[in-house]
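K.L.:
This is the structure, below, for whatever I ask next.
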Amino acid sequence: MNFSTAWLTTNRTCNNHCTWCYAKNTLGNSQIMDFENAKIAIKELKKRGVKRIILIGGEPTIYPNFIQIIRYIRSNNMLVSIATNGRMFKDMRFATEVLSAGITTIDISLKAFSEEEYKKNTNSYGLEEMLRGYSNLKQLGFKPSISYVLVNNREETIDNLINFLLEKDISQISLQFVKPILNLSGCELPMDLTEMSSLVEIIYNKMTNKKINYSIGIPFPLCLIDSNILTHLIRERRIFNCCHVPKGSGINIDENFKIIPCNHFAEFPFSDTPIDFSNEKALDNLYNTEIVQHFKNLSKCYPAKKCQTCNLWSQCGGGCFTYWLSLDPNDYIR
Ligand SMILES: C[S@@+](CC[C@H](N)C(=O)[O-])C[C@H]1O[C@@H](n2cnc3c(N)ncnc32)[C@H](O)[C@@H]1O
């Protein structure tokens with residue numbers, strides 16, 4: 001098995017506790033990725049064609065070997081990115097050290113537009129720290145990307161977001177919709193697919209009006225969006241689909257070296273046995289098991305018959321697989 005991108009969950013510990021976090025049930029887990037084994041895994045990923053490693057958590061910037069792991073990945077000629085809440089970059093010395101270790105991209109997730117709202121959403125006061133971190137990185141000549149997860153369908157949220165971006169002079173935003181939190185009894189659906197599609201129309205109108213540079217990850221079938229607006233969104237290249245699952249181009253490794261289908265399956269590894277990366281057959285053996293093959297087949301299939309003849313299929317892929325664990329695609333797909 002070869003991959004182009006790998007996600008490493010370095011730790012589940014976090015300095016925030018976001019109410020919508022797909023990994024919220026794992027945050028009490030203090031297990032961290034063993035650095036010596038991580039190095040073995042990184043070497044094996046390199047052999048398997050991986051070009052970019054994304055460090056994720058929990059919060060990767062509080063991983064004890066954070067600087068060392070960045071250096072190690074770079075010394076193996078791979079790119080290294082992080083998904084972070086950005087708070088640790090409040091410390092200019094830390095920001096300088098991370099940049100000099102050779103980090104390639106930093107994606108900072110914005111959690112709220114005021115300190116009170118930040119506290120409500122994450123159980124911490126972190127907005128000022130995140131903004132200081134963003135400004136420190138910019139001062140050092142590095143431009144982090146900013147992302148924001150849409151967790152409600154209120155028009156007011158989009159107005160507040162736009163005002164915040166203009167006020168803080170943030171010139172680009174990548175938007176994502178909240179995805180289900182999976183658990184053994186099914187999954188919690190924080191927002192309905194039709195609510196999301198209506199919000200896309202509001203975003204398009206408001207962001208265009210204020211000339212904001214934005215992109216949106218769409219986790220639902222594209223046919224739910226008004227066709228006129230969809231044409232504009234495609235033409236302006238506003239839509240992205242970052243899901244690697246149907247393409248099989250990515251691999252997600254948790255802090256215990258278990259392989260998870262994607263980050264949203266935080267508590268559901270393919271197997272309870274960690275991968276021993278010093279055994280070069282271990283990954284292939286796992287990928288040949290029935291459960292992995294079954295998952296791969298499921299994730300590639302058309303969720304509804306109508307999708308088979310849709311000319312947007314390659315861009316759309318039928319939406320995020322996790323929704324169809326609890327919803328019937330035939331009730332949604334047009
Ligand atoms: C789990 S966090 C880990 C990295 C870091 N601690 C952070 O807050 O960015 C990675 C990203 O996933 C997003 N995220 C968490 N739960 C989500 C959910 N249920 N649906 C969509 N995105 C989610 C976060 O907002 C963040 O942008």
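K.L.:
Please give the calculated 222 nm ellipticity per residue for the chain, where each DSSP H segment of at least 4 residues contributes -39500 (n - 2.57) and the sum is spread over every residue; nearest 500 deg cm²/dmol? Intermediate results must be reported in sequence, preceding the final value.
P.N.:
Details: 11 runs with 114 residues, N = 334.
Result for the chain, helices only: -10000 deg cm²/dmol.
K.L.:
Write down the accessible area per residue of the chain in Å², having rolled a 1.4 Å probe over the full set of protein chains. Walk me through the numbers before you get to the answer.
P.N.:
On the way: 15490 Å² over 334 residues.
I get 46 Å² per residue for this part.
K.L.:
GNM on the chain, C-alpha springs below 10 Å: top fluctuator among 95, 38, 304?
P.N.:
304
K.L.:
First check a/c for segment 87-163, with a ≥ b ≥ c the square roots of the eigenvalues of its C-alpha gyration tensor; if it is under 1.5, answer rounded, and if not, answer prolate when a/b is larger than b/c or oblate otherwise.
P.N.:
Values: a/c = 2.61, a/b = 1.90, b/c = 1.37.
Here segment 87-163 falls in the prolate category.
K.L.:
Moving on. Which entries of 179/206; 39/281; 120/210 show an alpha-carbon separation above 20 angstrom in the structure shown?
P.N.:
Numbers: 179/206 23 Å; 39/281 17 Å; 120/210 28 Å.
In this structure, 179/206; 120/210 lie more than 20 Å apart at Cα.
K.L.:
Please state the charge dipole magnitude for the chain, taken about the Cα centre, from unit charges on C-beta atoms (+1 on K and R, -1 on D and E), reported in debye and rounded to the nearest 20. Could the numbers behind the result be given before it?
P.N.:
On the way: 37 positive and 33 negative charges, 236 e Å.
Roughly 1140 debye, rounded to the nearest 20.
K.L.:
Quick one: if you take sqrt(5λ) for each eigenvalue of the C-alpha gyration tensor of segment 1-116, what semi-axes come out, biggest first, whole angstrom?
P.N.:
24, 17, 13
K.L.:
If the reach is capped at under 17 angstrom between alpha carbons, list the aspartates and glutamates near residue 47, excluding any in the same chain fewer than eight residues apart.
P.N.:
By straight Cα distance, residue 47 reaches 276, 280, 284.
K.L.:
List, in the order given, every pair from 119/143; 43/168; 43/111; 138/247 whose Cα-Cα distance in the structure shown is over 31 Å. Spell out each step's value before the answer.
P.N.:
Details: 119/143 26 Å; 43/168 41 Å; 43/111 34 Å; 138/247 34 Å.
Distance filter (> 31 Å) returns 43/168; 43/111; 138/247.
K.L.:
Just name one of 133, 113, 83: the one whose Cα is farthest towards the positive end of the charge dipole of segment 7-161 (beta-carbon charges, Lys/Arg +1, Asp/Glu -1).
P.N.:
It is 83.
K.L.:
Rounded to the nearest 20 Debye, what is the dipole magnitude of segment 1-46 about its Cα centre when Lys and Arg each give +1 and Asp and Glu each give -1 at the C-beta? Each step should come with its number before you reach the end.
P.N.:
Details: 5 positive and 3 negative charges, 18 e Å.
Once rounded to the nearest 20, the dipole reads 80 debye.
K.L.:
The chain: percent of C-alpha pairs farther apart than 25 Å?
P.N.:
Values: 29842 of 55611 pairs.
Value for the chain (Cα pairs over 25 Å): 54 percent.
K.L.:
Let me ask you something else. Carbon-plus-sulfur fraction of the accessible area of segment 51-112, 1.4 Å probe, in percent? Could the numbers behind the result be given before it?
P.N.:
On the way: 1140 of 2230 Å².
Accessible surface attributable to carbon and sulfur in segment 51-112 totals 51 percent.
K.L.:
Choose one answer from 248, 57, 141: the residue with the largest mean-square fluctuation in a GNM of the chain with alpha-carbon springs under 10 Å.
P.N.:
Looking only at 248, 57, 141, the biggest GNM fluctuation is shown by 141.
K.L.:
With a 10 Å radius around each residue's Cβ, average the other Cβ atoms per peptide and rank 71-80, 121-130, highest first. Before the final figure, lay out the partial values.
P.N.:
Numbers: 71-80: 17.0, 121-130: 18.8.
The peptides rank, most packed first, as 121-130, 71-80.
K.L.:
Taking C-beta distances below 4.7 angstrom as the pairing criterion, name the unpartnered cysteines of the chain, in sequence order.
P.N.:
14, 187, 223, 242, 243, 262, 301, 307, 310, 316, 320
The values are calculated or read from the model by the stated rules, or taken from the named source; none is laboratory data. Because the structure is predicted, anything quoted here is derived from the model rather than measured. Neighbour counts are summed over all protein chains in view; Cβ atoms, including those assigned to glycine, are modelled from backbone coordinates with ideal geometry. The protein model used for the area step is the full one, side chains on, heavy atoms only, and it has no ligands, DNA or RNA in it. Shrake-Rupley method; radii C 1.70, N 1.55, O 1.52, S 1.80 Å.
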